[in-house]
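J.: If you scroll down you'll find the structure; I have some questions about it.
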Amino acid sequence: MKDGKIVVFTGGTFDLFHIGHLNILRKSKSFGDILIVGVSPDEVVLSYKKKKPIISFIERAEIIKHCDYVDEVVRQEVLTDPRILEKYGVDIVTIGDDWKKKHLPGLEWARKNPNIQVIYLPYTKDISSTEIKRNIKNGWQEDK
């Protein structure tokens, strides 16, 4: 807790910002007073997704920075970086439930830390940046 306030951290790529991203930010903010959002630079995204984002890191960070729910944006060179969690005195880490069974060293560190609560948020059904890219490539389907 920082100055009596609950600090929440979430992170992501946030490429092609969509309602799923907004849901994660909104829900994350609902757990605390301060929301810190880690945005992954292009090189980091390329290392684990094996593809670069469509929107540049600087533009993605700027979009997230101007979302009403977000108090601060940080560049995350490591997914759920313990150094960021310690620096900001994070009390709660939120992450999509699609990461529940994936190994992420920083998340493992947070889970073992008695001062940090990890909360898995449900993935927003039928929306992702990958799905948007696929629809653009294959012709948008009007059934949404």
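J.: With a cut-off of 8 Å between alpha carbons and a minimum separation of six or more residues, what is the relative contact order of region 5-144 in percent?
T.: Relative contact order comes out at 29 percent.
J.: Here's a follow-up. For the pair ILE119 and GLU62, what calculated FRET efficiency results from E = 1/(1 + (r/R0)^6), where r is the Cβ-Cβ distance and R0 = 35 Å, to the nearest 0.05?
T.: 0.85
J.: Next up: Per 0.36 nm of contour for each residue apart, how much would the distance between LYS100 and ARG134 grow if the chain were fully extended, relative to their Cα-Cα spacing?
T.: Contour length minus the Cα-Cα distance gives 9.8 nm.
J.: Rank LYS100, LYS125, LYS51 by mean-square fluctuation in a GNM of the chain with C-alpha springs under 10 angstrom and give only the top-ranked residue.
T.: The residue that fluctuates most here is LYS125.
J.: Report the residue, chosen from LEU85, LEU107, LEU16, that carries the largest GNM mean-square fluctuation when the chain is represented by alpha-carbon nodes joined by springs under 10 Å.
T.: Largest GNM mean-square fluctuation: LEU16.
J.: Right, something else. Which percent, to the nearest 5, of DSSP beta bridges fully inside region 1-84 are antiparallel?
T.: Rounded to the nearest five, the antiparallel share is 10 percent.
J.: Hey, another quick one. So how far apart, in nm, are the two label points at ASP126 and LYS2 if each is 7 Å from Cα heading toward Cβ?
T.: Between ASP126 and LYS2, the simple spin-label model gives 3.8 nm.
J.: Please identify, among ASP68, ASP42, ASP81, the residue showing maximal mean-square fluctuation in a Gaussian network model of the chain using a 10 angstrom Cα cutoff.
T.: ASP68
J.: Here's another thing I want to ask about it. What percent antiparallel are the DSSP beta bridges of the chain, to the nearest 5?
T.: Close to 5 percent.
Where a number appears in this text, it was derived from the coordinates with a stated rule and is not lab data. Values in this document were obtained by computation on a predicted structure and should not be read as measured data. Every residue, glycine as well, gets a Cβ built from its backbone with ideal geometry; the counts of neighbours run over all protein chains shown.
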